[in-house]
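These notes are about the structure you will find just below.
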Amino acid sequence: MLQSKICDLIGIKYPLFQGGMAWIADGKLAAAVSNGGGLGIIAAGNAPGEYVREQIRIAAELTDKPFGVNIMLLSPFVEEVAAVVAEEKVAVVTTGAGNPGKYMESWKAAGIKVIPVVASVAMAKLMTRLGASALIAEGGESGGHVGDTTTMALVPQICDATDLPVLAAGGIADGRGAAASFMLGACGVQMGTRFLVAEECNIHREYKDKILKANDISTIVTGKRLGHPVRSIKTPFSKEYFKAEYSQMPDDELEAFAAGALRLAVQEGDVKKGCFLAGQIAGMVNEEMPAAQIIKEVMEEAEVILKGASKWVK
Ligand code: TUI
């Protein structure tokens with residue numbers, strides 16, 4: 001069985017995390033992933049603290065395995081969410097879209113393992129100094145808020161810069177990607193896009209269909225001008241937004257243009273105004289199945305590939 005030090009650190013069967021997708025990854029999805037042997041993660045996104053507490057309690061009802069909460073550091077509710085995870089003593093906190101430095105002491109004091117998502121070597125070094133338990137190195141192939149460096153280039157550079165366990169994220173949706181991540185020095189993987197079509201993932205039918213129908217060139221990065229590049233499925237809306245970015249439209253109008261677009265995609269399946277976040281790997285995600293089966297398939301495929309890797313050596 002594919003196992004690594006991240007399994008012992010957190011107490012999980014497989015070295016596989018489910019990404020903290022805002023508006024999408026709720027207590028039910030997180031529990032399904034944790035019950036399947038991975039680490040399920042509730043996304044706080046832009047939601048208030050009480051929503052996060054409610055989802056933590058839902059997950060705790062549905063699983064006796066460890067699960068985590070992802071805190072999106074640009075959220076207007078970040079302070080209250082940071083307090084809620086400490087009060088509820090979740091096993092793991094992952095963070096995204098910024099520097100979690102000012103919360104790390106209080107989370108560690110609550111016994112939480114802090115695993116920041118990083119997109120650069122500098123941030124990896126800083127998080128190592130501040131006492132993170134592990135790091136998630138996320139390449140620009142991922143969905144949502146993205147950095148510039150690809151997973152292939154980022155993961156080995158981050159592994160060289162830290163002694164902490166590193167998980168690879170961005171562009172991984174099957175056993176080949178997981179096996180390759182181990183070859184790059186990672187000891188685990190995080191997948192988001194693949195879990196969008198998990199049976200327990202409660203998003204609009206239209207969103208799932210967009211993922212199932214996507215191909216290799218179906219995603220686009222928008223938001224660079226406002227400093228928050230985000231990868232999503234190409235739609236008339238995202239293409240229009242992309243054009244607006246390179247027009248004379250003032251920043252505040254541009255911001256208003258995109259407001260609420262993520263919720264519209266997830267809950268309403270609004271193909272005109274919704275923003276369907278997804279990674280470049282969406283083209284490879286072609287089948288719906290329970291989260292536990294996704295995890296088992298990916299881990300078993302990776303194991304076969306890694307066992308057979310000596311065929312390259314003569
Ligand atoms: O965070 C993500 N993915 C996301 S967040 C999101 S919601 C959102 N809402 C409004 C604007 C933007 C996004 C949708 N998807 N992934 C983890 C991630 N973190 N990727 C890149 C980073 C990151 C970027 C900068 C981590 C640290 C960082 O530090 C910058 C600094 O110096 O503070």
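The values are calculated or read from the model by the stated rules, or taken from the named source; none is laboratory data. Only a predicted model underlies this, so the values are computations on that prediction, with no experimental measurement involved. Cβ coordinates were reconstructed from backbone atoms using ideal geometry, including for glycine residues, and neighbour counts include every protein chain displayed. Side chains included, ligands, DNA and RNA excluded: accessible areas come from the protein's heavy atoms. Shrake-Rupley method; radii C 1.70, N 1.55, O 1.52, S 1.80 Å.
Under the condition of being buried (at least 24 other Cβ atoms within 10 Å of the Cβ) and more than 9 Å from the chain's Cα centre (by Cα), the residues counted in region 12-23 number 4.
If I filter region 38-50 for residues that are at pLDDT 95 or above, surrounded by fewer than 23 Cβ atoms within 10 Å (Cβ to Cβ) and in a helix (DSSP H, G or I), do I get at least one hit? Yes; the residues of region 38-50 include at least one that is at pLDDT 95 or above, surrounded by fewer than 23 Cβ atoms within 10 Å (Cβ to Cβ) and in a helix (DSSP H, G or I). Considered as a group, the residues in region 258-271 that are within 19 Å of L74 (Cα to Cα) and among the hydrophobic types (A, V, I, L, M, F, W, C) include one that is most open to solvent (accessible area, probe 1.4 Å), and that residue is A259. Out of I220, I294, report the one residue that is free of Cβ contacts under 8 Å to residues at least 40 places away in the same chain, more than 14 Å from the ligand (Cβ to nearest atom), under 29 Å from L16 (Cα atoms) and surrounded by 15 or more Cβ atoms within 10 Å (Cβ to Cβ). Exactly one of I220, I294 is free of Cβ contacts under 8 Å to residues at least 40 places away in the same chain, more than 14 Å from the ligand (Cβ to nearest atom), under 29 Å from L16 (Cα atoms) and surrounded by 15 or more Cβ atoms within 10 Å (Cβ to Cβ), namely I220.
Residue count for region 120-152, restricted to those that are away from the ligand (no atom under 14 Å from the Cβ) and in contact with a strand residue (DSSP E or B) (Cβ under 6 Å, 6 or more places away or on another chain): 2. Taken as a whole, the condition of being without any contact (Cβ under 8 Å) to a residue 12 or more places away in the chain, open to solvent by 20 Å² or more (accessible area, probe 1.4 Å) and outside any loop (DSSP other than H, G, I, E, B) does not apply to E54.
Only residues that are within 16 Å of the ligand (Cβ to nearest atom) and either in contact with a helix residue (DSSP H, G or I) (Cβ under 7 Å, 6 or more places away or on another chain) or outside the structural domain of P76 (by TED's automatic domain parsing) (or both) were counted in region 39-65, giving 6.
Scanning region 99-119 for residues that are open to solvent by 30 Å² or more (accessible area, probe 1.4 Å) and either more than 15 Å from the ligand (Cβ to nearest atom) or modelled with pLDDT under 95 (or both) yields E105, S106, K108, A109, G111, K113.
Residue-wise test of (1) open to solvent by 40 Å² or more (accessible area, probe 1.4 Å); (2) more than 25 Å from G147 (Cβ to Cβ).
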position: P229; (1), (2): no, no
position: K234; (1), (2): yes, no
position: S247; (1), (2): yes, yes
position: A256; (1), (2): yes, yes
position: A278; (1), (2): no, no
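Taken over region 125-158, the residue count meeting the criterion of being in a helix (DSSP H, G or I) and either without any contact (Cβ under 8 Å) to a residue 40 or more places away in the chain or surrounded by fewer than 19 Cβ atoms within 10 Å (Cβ to Cβ) (or both) is 12.
Within region 205-224, does at least one residue satisfy the condition of being in contact with a Pro (Cβ under 6 Å, 6 or more places away or on another chain), in the same structural domain as A261 (by TED's automatic domain parsing) and in a loop (DSSP other than H, G, I, E, B)? There is at least one residue in region 205-224 that is in contact with a Pro (Cβ under 6 Å, 6 or more places away or on another chain), in the same structural domain as A261 (by TED's automatic domain parsing) and in a loop (DSSP other than H, G, I, E, B). Taking (1) open to solvent by less than 70 Å² (accessible area, probe 1.4 Å); (2) touching a Ser or Thr at 6+ places or on another chain (Cβ under 9 Å); (3) farther than 16 Å from G19 by Cβ in turn, D163 satisfies each apart from (1).
Considering only residues that are more than 16 Å from the ligand (Cβ to nearest atom) and touching a strand residue (DSSP E or B) at 6+ places or on another chain (Cβ under 7 Å), which ones fall in region 86-98?
First, the residues of region 86-98 that are more than 16 Å from the ligand (Cβ to nearest atom): 86-91.
Matches in region 86-98: V90, A91.
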